[in-house]
1. Would you confirm whether any residue within segment 41-61 is touching a strand residue (DSSP E or B) at 6+ places or on another chain (Cβ under 7 Å), at pLDDT 90 or above and not aromatic (Phe, Trp, Tyr)?
2. Go through segment 12-40 and report how many residues are within 16 Å of Ser2 (Cβ to Cβ), assigned to a helix (DSSP H, G or I) and either out of contact with any strand residue (DSSP E or B) (no Cβ under 8 Å at 6 or more places or on another chain) or not hydroxyl-bearing (Ser, Thr, Tyr) (or both).
Amino acid sequence: MSVIRGICPECGARFCGWALTNPAFQKCDRCGCELEIFRDGVRVITSNNQVTTYEKSEADKKTKEEIST
């Protein structure tokens, strides 16, 4: 099963769980910034209240490596 994680680009706070698929929970509790959402280490975007996967790019591969550490 894939884990969904959110990272705040402003303060670095980290969140995880299926609630992140809901746009109401895609903002940082600490600073209010939009979270960057990841599934299985791959950055995803939100569209029509669903989380969908970006096409893999070099930037996404680098992000996956950063997330796994």
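1. no
2. 3
The values are calculated or read from the model by the stated rules, or taken from the named source; none is laboratory data. Values in this document were obtained by computation on a predicted structure and should not be read as measured data. Ideal geometry is used to build each Cβ from the backbone, glycine not excepted, and the neighbour counts take in all protein chains shown.
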